[in-house]
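*Asks:* Questions regarding the structure given below will be posed in turn.
The values are calculated or read from the model by the stated rules, or taken from the named source; none is laboratory data. Computed from a predicted model, the values in this text were never measured in an experiment. FYI the Cβ positions are ideal-geometry reconstructions off the backbone, even for glycines, and counts take in every protein chain you see. To get the accessible areas, we keep the full protein, side chains included, count just its heavy atoms, and leave off ligands, DNA and RNA. Shrake-Rupley method; radii C 1.70, N 1.55, O 1.52, S 1.80 Å.
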Amino acid sequence: MFSNKDNFKEQYLERFKEVTGESFDDSSMQEKYNVLASLIMKYANSYLADTKSRMDRDNNQKRVYYFSMEFLIGKLLIMNLYNMGIYKIVSDGLDELGINIRDLEDIEVDPGLGHGGLGRLAACFMDSLAFLNIPAVGMGLRYRYGSFQQKIVDGQQVELPNRWLQNGYPWEIKKASKSEIIKFYGKIKVEKIEDTLQFIHEDYEAVTAVPYDIPQIDFDSDDVNYIRLWSAENAYGFNLESFNNGDYLQAVKDKANVEAITHVLYPNDSNYNGRLLRLKQQYFFVSAGLKSIIRRYKRNNESFDKLSEKAQIQINDTHPSLVIPELMRILLDEEGLDWDYSWKLVTNVCSYTNHTILTEALEKWPIDMMKTLLPRVYMIIEEINRRFVENAIPIEKDIKARNSILRDGVVHMANLAVIGSKSVNGVSALHSDIIKEETFKELYELYPWKFNSKTNGVSHRRFLLKANPYLSKFLTDKIGSEWEKDAEKLKDLKKYCENKDCTEELYRAKRKNKERLAKYIKDTQNIDIDVDSIFDIHIKRIHEYKRQLMNVLHIIYLYDKIKNEGMEIYPRTFIFSGKAAPSYDMAKKIIRLINSLADIVNNDKDVKKYLKVVFLENFNVSLAEILYPAADVSEQISTASKEASGTGNMKFMMNGALTVGTLDGANVEIAERVGEDNIFIFGLRSEEVIDYYNKGGYCSYDVYNSNPELKKVVNYLIDGFFYEDIGEFEEIYENLVNHNDNYFVLKDFESYKKAQKDIEKTYRNRKLWFDKTLENIAESGYFSSDRTIKDYDRDIWKVKK
């Protein structure tokens, strides 16, 4: 590739002429970025072709196919340079050409392909699959506008289209020759031909699925996997006849309706058309992905006997659960296999990862909608369900009836995923216990061998090596660079610092990251931040169970004590970021509340030297890479039992933040590894929360009435404190006090307040704080996605011998 920086410069400048036809000196930064990306892609494409050829030669090697609605991949320029081992060569060469590589990265856009933790997890997994040389393809959707761009206007969230493709996307390869036809609506004609029933789909609407591949480059070899994203195009092309007849709107209407399938991630599902579009999206990419898998398999195999030895499909949450009936449809209708053989193949190929116990996230589709949109798929689901319910020994009949896929007028997709998969896993030890004991209790009794736990992990190369160069240098100077490939080597930090004081160096690395974040806040919000204050950061999707509201109530408590009682505290900067779903009104009210509080706190001369509140809009991977390294405190305060795992907690931990959290999700395993002295745990335990839900016994009004300090804080929501928003937060008050506080904010408040006091006391002792920081960094290697993928492969996929 590039032997040195001079060789890089020579190739870069030559590539410049080939791509732009202009001189380097007259070019824009956008052109400089595009040319560099095209030069890197030249080699990535070559490596990808070599990898595919090698796999085909190697006895058609087994592949993992990871189906996910989201792939929040972030910017790729710097990561690709790191993975290819040429970052320093390219950076130095660009310097000599008068270009700062970070300025080029600023030109790059964050792809709008994900919304939160689910999509970032999928991207981390693809990184680790490539690093571990496990052949894999990510299957998803190429959203034209993706997750919305969040703007805060007058304190409120406004959703704008994310035009991430407006200048093209240099890291993708269009594969038009590998397009697939996807069929919606129509009717099913049944004929008996040679004693075999044939199901013929007629009068359907056809949509073309066009794949775009994004190479996933290995960190230390030339192996390349890829994410295949499907884009919807009109199968019939432009309606020239309508156009020529003067019906211009009709000429483009069909095209627009088809392309809407891949316009946005998670269309608003508060209305019928939005839900229909979501179902279309899910079937569209599932069907296209499966067709491409079967096409590749048939190219190298004469029968389907070895399908499970060549392909393993991971269903990432319930969104792609249609994989199961659609694969059955392809095997039955297109390949002519019988039911029992097809079902055996499907249930040896498919595995399901559950990511939530929230009722609204366990997807259900109206039977009438499914039957109309996907008539043949619905017939197959009916048959799967009939065999599940009827093929039962007497002791199982009632259990199977209660867990039917089809009941109450809807299709229960999570039940379909469990019944049709060989493996069902949770994403933390606690979450896996809950899905066995609560969510899928009776299905677990039927299929105990299917259920297992795979604790999530994150890419330490993205969120530590790339995102935190100051801490990365400290680590490499102390323990060498092996941690980049083996995150468990971070434990060596404890041995190194055992007889040495590493406090000051850790402090300096943290302070540089805090200075970077403070500059970002000043540049974007014009708010001055005290770099020496405690940076308390809460970045998550805005949701009631994630309890941003409890954090806000605690800030109000501090404000009241400082303002009215003259209490002095160690300065604190509270930073929030996250998006609310467009139709989730309560989450949007919480965003409004945070920003209203920030306006008051940040402009109060008596308080602002002790407190600052900041809400950073449009959370994405690039912003995350600034926030995680700068955090002193990581807020992981979800209602116990509600957070399946969390991955932000792991990223904060790797970057030396201390966690304040409930014993929920992966917080439990973090606490086990660092010890309770190195984490701030508070609140109800999951079994207590579940017991309250099942048996009652909690009265939020009594908690409110019995605690004068808490009552005063909650009353701030309605007593005119938010003078510009009188009445705006009454619904929040009502939920907390009169509607029994469904997420136990009031119940946990005193415990949370105490944990926050402990944080302040500890932070005042710099050595004590950074000793705890060191312990967290050293133990964070377990939470690398490399370990998670090894666990999946060892127990489920079995690709690596």
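*Asks:* Six or more apart or on different chains, Cβ atoms under 7 Å: show the pairs whose first residue is in the stretch 241-257 and within 16 Å of Ala206 (Cα to Cα) and whose second is open to solvent by less than 60 Å² (accessible area, probe 1.4 Å).
*Replies:* Asp254/Asn234; Asp254/Asn239; Lys255/Asn234
*Asks:* On to the next question. Can you tell me which of Phe2, Phe8, Phe16 is of a type outside the set (Asp, Glu) and without any contact (Cβ under 8 Å) to a residue 40 or more places away in the chain?
*Replies:* On the way: Phe2 fails: without any contact (Cβ under 8 Å) to a residue 40 or more places away in the chain; Phe8 fails: without any contact (Cβ under 8 Å) to a residue 40 or more places away in the chain.
Going through Phe2, Phe8, Phe16 in turn, just one is of a type outside the set (Asp, Glu) and without any contact (Cβ under 8 Å) to a residue 40 or more places away in the chain: Phe16.
*Asks:* Name the residues in the stretch 298-321 that are open to solvent by less than 30 Å² (accessible area, probe 1.4 Å), within 22 Å of His201 (Cβ to Cβ) and either part of a helix (DSSP H, G or I) or in contact (Cβ under 8 Å) with a residue 60 or more places away in the chain (or both), would you?
*Replies:* Pro320, Ser321
*Asks:* Tell me, which helices (runs of 4 or more DSSP H) wholly within the stretch 644-712 include 1 or more residues that are open to solvent by 30 Å² or more (accessible area, probe 1.4 Å), more than 18 Å from Glu750 (Cα to Cα) and not acidic (Asp, Glu)? Working first, answer last.
*Replies:* Working: elements: 648-654, 667-674, 686-695, 700-706.
Fully inside the stretch 644-712 and qualifying: 667-674, 686-695.
*Asks:* Next up: Read through the list (1) part of a loop (DSSP other than H, G, I, E, B); (2) in contact with a helix residue (DSSP H, G or I) (Cβ under 9 Å, 6 or more places away or on another chain), then give the number of the only condition that Gly98 fails.
*Replies:* Going through the list (1) part of a loop (DSSP other than H, G, I, E, B); (2) in contact with a helix residue (DSSP H, G or I) (Cβ under 9 Å, 6 or more places away or on another chain), Gly98 breaks only (2).
*Asks:* Can you pull out the residues in the stretch 449-472 that are part of a helix (DSSP H, G or I), more than 30 Å from Ala631 (Cα to Cα) and out of contact with any Lys or Arg (no Cβ under 8 Å at 6 or more places or on another chain)? Give the derivation first.
*Replies:* Going through the stretch 449-472, the residues part of a helix (DSSP H, G or I) turn out to be 449-450, 460-466, 469-472.
Narrowing the set further to residues that are more than 30 Å from Ala631 (Cα to Cα) leaves 449-450.
Scanning the stretch 449-472 gives a single hit, Trp449.
*Asks:* Going by the structure shown, is Lys495 touching a residue at least 24 places away in the same chain (Cβ under 8 Å), open to solvent by 20 Å² or more (accessible area, probe 1.4 Å), charged (D, E, K, R) and not in a loop (DSSP other than H, G, I, E, B)?
*Replies:* Values: touching a residue at least 24 places away in the same chain (Cβ under 8 Å): no; open to solvent by 20 Å² or more (accessible area, probe 1.4 Å): yes; charged (D, E, K, R): yes; not in a loop (DSSP other than H, G, I, E, B): yes.
No.
*Asks:* Continuing with the same structure: Has the stretch 753-773 got at least one residue that is open to solvent by less than 20 Å² (accessible area, probe 1.4 Å) and in a loop (DSSP other than H, G, I, E, B)?
*Replies:* Scanning the stretch 753-773 turns up no residue that is open to solvent by less than 20 Å² (accessible area, probe 1.4 Å) and in a loop (DSSP other than H, G, I, E, B).
*Asks:* Same structure, new question: Give the residue, chosen from Glu70, Glu10, that is charged (D, E, K, R), buried (at least 16 other Cβ atoms within 10 Å of the Cβ) and either touching a Lys or Arg at 6+ places or on another chain (Cβ under 9 Å) or farther than 16 Å from Gly168 by Cβ (or both).
*Replies:* That would be Glu70, the only listed residue that is charged (D, E, K, R), buried (at least 16 other Cβ atoms within 10 Å of the Cβ) and either touching a Lys or Arg at 6+ places or on another chain (Cβ under 9 Å) or farther than 16 Å from Gly168 by Cβ (or both).
*Asks:* Oh, and also: Could you check how many residues of the stretch 377-406 are surrounded by fewer than 20 Cβ atoms within 10 Å (Cβ to Cβ), at pLDDT 95 or above and under 33 Å from the mean Cα position of the chain (by Cα)?
*Replies:* 3
*Asks:* If you check every pair at least six apart or on different chains, which have Cβ atoms under 7 Å apart with a residue in the stretch 605-625 that is on the phi > 0 side of the Ramachandran plot first and a residue that is in a loop (DSSP other than H, G, I, E, B) and among the polar types (S, T, N, Q) second?
*Replies:* Hits for this filter: zero, empty list.
*Asks:* If a residue has to be of a type in the set (Val, Ile, Thr) and closer than 30 Å to Asn45 by Cα to count, how many in the stretch 153-189 make the cut? Break it down into steps so the answer makes sense when it comes.
*Replies:* Start the filter on the stretch 153-189 by keeping residues that are of a type in the set (Val, Ile, Thr), which leaves 153, 158, 173, 181-182, 188.
Of the ones still in play, those that are also closer than 30 Å to Asn45 by Cα are 173, 181-182.
Of the residues in that region, 3 qualify.
*Asks:* List pairs: first in the stretch 357-374 and free of Cβ contacts under 8 Å to residues at least 12 places away in the same chain and within 22 Å of Glu438 (Cα to Cα), second open to solvent by 10 Å² or more (accessible area, probe 1.4 Å) and hydroxyl-bearing (Ser, Thr, Tyr), Cβ under 6 Å, 6+ apart or cross-chain?
*Replies:* That search, which allows pairs on different chains as well, returns nothing.
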